[in-house]
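Heads up, the thing below is written out as C-alpha cells.
Bear in mind that the values in this text are calculations on the coordinates, not laboratory data. Predicted, not measured: the structure shown is a model, and the values here were computed from it. Quick reminder, even Gly has a Cβ in these numbers, built from the backbone with ideal geometry, and neighbours come from all protein chains shown.
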Amino acid sequence: MTTQASSAPVPRVRRRPQWPVPAGLILLSLIPVIAGAARLTELTGGAVVTAQNARFFASPVPVVTHILSVTIYSLLGAFQFLPALRGRRGWHRVAGRILAPAGLLAALSGLWMTLFYPLPPGDGPALFVLRLVFGSAMAASIVLGVAAIVRRDFVQHGAWMTRGYAIGVAAGTQALTGLPWILLVGPPDEPTRAVLLGAAWAINVAVAEYVIRRRAMWSVRVPRSSGRTAATGAVTPG
C-alpha cells in the first residue's frame, strides 16, 4: 500500500512590507533636516544678518548642536522601526546608545534656545510655553526610556522612547500643518502659528499613543516563548 502526499496547497503567510513606516519617517524627517542644512549653510556662508537669524549669529553653538543632534536622532531613529533591524540585538543596542544621547542633546539644546534666544518675529508667549512643555516632555521621555531599559523593563522602554521620538520629529509634521494655511490664507499671526505648531505636536503624540496601545494589544495576543521575545517586538527608536 502506498501513500500519496496531499495535493492541497500550503497556505502562505502574508507578511506586511517592512519599509513603509521607516520610509515615511525618513521623508518626514527630511523636512527639518533640509531646513537645518540650510541654516548651517547660512551660518557658515556669511549670510546677511536679519531679524529672523540674528540670534543664531550671536550664539551659534546651541543651534548647530540642535541641528546636528536632531538630524542624527530623526534619521537613525527611523531605522529602529524596521523589524528586520530591530530584531538584531546588536544593531538595536548600538543604535540606541547613539540615539539616546542625540535625542537628549536635541531636547536640551532646543530648551536652551527657547529660554535664552530672543523671541523671533511671529512667535509669542503661547508658542514659548508650548516649546518648553514639549521640549521637557521629550527629554523626560528619553530619560524614562533609558531608566526602563536599565531595569530590563522592555515594554516601558519601548513606550517612552516612542513618545520621545514622536516629539522629536514633530518639526516635519509642523511643516505639514502650517503649509496649507500659508498657501490658502497667508502667513499666520502669533496665535494661529501657536495653534498650528501645537497641533503638530499633538498629532505626533496621539499617533505614538496609538502605536503603544496597539503594541500592547499585539503582545497580549501573541504567545510568548520568553519575556524578552515579546519585548523585542516593540517599536522603539532607543
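List of remarks:
- Net lengthening on full extension, residue 179/residue 132 (0.36 nm per residue, minus Cα-Cα): 14.6 nm
- Simple point charges give the picture: +1 on the Cβ of Lys and Arg, -1 on the Cβ of Asp and Glu, and for the range 94-228 a dipole about the Cα centre of about 920 debye.
- Positive dipole terminus of the range 31-231, leading residue within 149, 119, 60 (C-beta point charges): 149
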